[in-house]
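A quick write-up on the structure given underneath.
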Amino acid sequence: MTGINIQLLNIFFIVITAIVFCFILVISSTVNKRFYAVEEAIDKFIICEQSSELIKESANYLTDQARLFVVTQKQEYANAYLEEVNITKGQKKALEALEKVCSEKDLALQRLKIAMEQGQSLINMELYAIRLAYKLKDDKDIPEQIAKIAIRNIDQNLSREKLHETAVSNLFGEGYLIYKTRINENCRLTISAIEQQIKDELNINANELGSNLKRLRLLFLTLLIINVLLFIAFTYLIIVPLEKFKTAIKNDERLNVIGSLECKHLAESYNEIYDIKAQNEKSLLKKAEYDALTGILNRRAFDQVCHASAEKRQQIALLLIDMDNFKFINDNYGHSGGDTALQELSRILTDTFRTDDYVCRIGGDEFAVILPHCTTSAATIIKKKILSVNEKLVNIKDNIKPVSVSVGVAFSDIGFNDNLFKRADKALYIVKEKGKRGCEIYEENYATEE
């Protein structure tokens, strides 16, 4: 048997979905890394900016304190200066913070180190100016760090005015201002360098993020298509066949072999059981009640078939058949001739109708045929069959004549009921009124003619 195996199809969709999900996870991980890289770059920029500003602020603060001490010779400014150099250590902390986020190859770190070196040169110049100021004020209580600074020979024997002028020149002179400018420039260049680096990283990450987001959209679209295909496949291979199976079972019909391979196997198995059940039912009916004379089903069997049809509410056609001139045949050919006519009619009816149809003798010369699963579209075929029966009855065994039948036919979509029998009987009555030997299909306008 050919067909789509729903289990294999299900496995196929599961594998494809799993592969797509794996790609989504990989791309999502890449996107996450890119976002983390962007966040890291921004943090790095903030730290670099803060470090640069801290170096500038520290350098400016030391300059201010050294200048104030040289000009005013107040001890508090020298103490503030030494506290910044030895305790607060703003510049050193700035460099340590930057080293945590930058590698040795980073231009930003290199520039800040240069600024730190230049800053150290400034500190040396400032400490020397402070040492000269201490000499100027003849203060013996000199901090140890300041006292260690040796005064150059050129400045040893200067007058107080020249000594003050030298100290001030150290802090306000062109050389000092050049160092100061270089520190600020290196801090500015540090910020520019890190800005450019971050811009480059952001461009790279933005492009990569854009590409990954496109891939994610494509993968999600793929998942949507897979789900739609899966829904369509299950609908047409399982749901639709099951709904048709349900309707067929409700109508007590064989199942169409449709759908997936599993549904087809199910339909075939059901049909095998259905056929066995139908044969058993018909066999039981035939064994239960036979007409002794004709060998066909009798009135009791007819009633059982009608009852079963009413329960199943299936479409059927009912044919009520009367043998014409039966009294004349009995009077002229005797009862044996009448029996022969009845037997021949039973044989011809059995040969004419389908094996699934029920041919019954329900009275002396009254017969009935029940056609299961039959609709009004078969009316013409039924008439042709009755015409054939009457033609065969012209030449029967023992040359008994005249033998013919009158037939009334009615249809039902809900199985057998009393109304069906009345309509078939009404159609039979019309045949007899027209002169017998014929077939009439019941029509609704018959009811208005009564």
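Below, the figures for the structure above:
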| item | result |
| --- | --- |
| Those residues of region 312-343 which are among the hydrophobic types (A, V, I, L, M, F, W, C) and under 60 Å from the mean Cα position of the chain (by Cα), in sequence order | 316, 317, 318, 319, 320 |
| Qualifying residue in region 266-283 (condition: of a type in the set (Phe, Trp, Tyr) and closer than 30 Å to residue 39 by Cα) | no |
| Members of region 361-388 that are crowded, with 20+ Cβ neighbours inside 10 Å, among the hydrophobic types (A, V, I, L, M, F, W, C) and more than 51 Å from the chain's Cα centre (by Cα) | 367, 368, 369, 370, 382, 386 |
| Hits in region 299-337 - residues which are open to solvent by 30 Å² or more (accessible area, probe 1.4 Å) and under 24 Å from residue 278 (Cβ atoms) | 299, 300, 303, 304, 307, 308, 310, 311, 312, 313, 315 |
| Close pairs (6 angstrom Cβ cut-off, 6 or more residues apart or separate chains): modelled with pLDDT under 75 and outside any helix (DSSP H, G or I) in region 1-25, surrounded by 11 or more Cβ atoms within 10 Å (Cβ to Cβ) and of a type in the set (A, V, I, L, M, F, W, C) anywhere | 3/261 |
| Top-ranked residue of region 276-299 - restricted to ones that are modelled with pLDDT of 85 or more and among the charged types (D, E, K, R), ranked as nearest to residue 351 (Cα to Cα) | 291 |
| Any hit, region 66-84, residues being of a type in the set (Val, Ile, Thr), more than 60 Å from the chain's Cα centre (by Cα) and surrounded by 19 or more Cβ atoms within 10 Å (Cβ to Cβ) | yes |
| Filter result for residue 209 (in a helix (DSSP H, G or I) and in contact (Cβ under 8 Å) with a residue 40 or more places away in the chain) | yes |
| Residue match in region 241-262 (condition: of a type in the set (Phe, Trp, Tyr), assigned to a helix (DSSP H, G or I) and open to solvent by 50 Å² or more (accessible area, probe 1.4 Å)) | no |
| When residues of region 109-128 are limited to those that are buried (at least 19 other Cβ atoms within 10 Å of the Cβ) and of a type in the set (D, E, K, R), the one farthest from the chain's Cα centre (by Cα) | 126 |
| Among residues of region 296-316, those that are in contact with a helix residue (DSSP H, G or I) (Cβ under 7 Å, 6 or more places away or on another chain) and assigned to a loop (DSSP other than H, G, I, E, B), counted | 1 |
| Test: residue in region 17-25 that is farther than 30 Å from residue 100 by Cβ and hydroxyl-bearing (Ser, Thr, Tyr) | yes |
| In region 207-227, the residues that are over 16 Å from residue 16 (Cα atoms) and either in contact with a Ser or Thr (Cβ under 8 Å, 6 or more places away or on another chain) or open to solvent by less than 60 Å² (accessible area, probe 1.4 Å) (or both) | 208, 209, 210, 211, 212 |
| Residue check for residue 113: of a type outside the set (Phe, Trp, Tyr), part of a helix (DSSP H, G or I) and under 25 Å from residue 68 (Cα atoms) | no |
| Selection from region 399-414 of residues that are surrounded by fewer than 21 Cβ atoms within 10 Å (Cβ to Cβ) and closer than 13 Å to residue 432 by Cα | 404 |
| Region 14-39 - residue that is within 30 Å of residue 233 (Cβ to Cβ) and not aliphatic (A, V, I, L, M) and, of those, least open to solvent (accessible area, probe 1.4 Å) | 17 |
| The listed residue being over 54 Å from the mean Cα position of the chain (by Cα) and open to solvent by 70 Å² or more (accessible area, probe 1.4 Å), out of 11, 42, 87 | 87 |
| Residue check for residue 230: part of a helix (DSSP H, G or I), open to solvent by less than 50 Å² (accessible area, probe 1.4 Å), more than 30 Å from residue 35 (Cα to Cα) and touching a residue at least 24 places away in the same chain (Cβ under 8 Å) | yes |
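The values are calculated or read from the model by the stated rules, or taken from the named source; none is laboratory data. Just so it is clear, the model here is predicted, and its values are computed rather than measured. Heads up, the Cβs are rebuilt from the backbone with ideal geometry, glycines too, and the neighbour counts pull from every protein chain shown. Heads up: the accessible areas ignore ligands, DNA and RNA and are worked out on the full protein's heavy atoms, side chains in. Shrake-Rupley method; radii C 1.70, N 1.55, O 1.52, S 1.80 Å.
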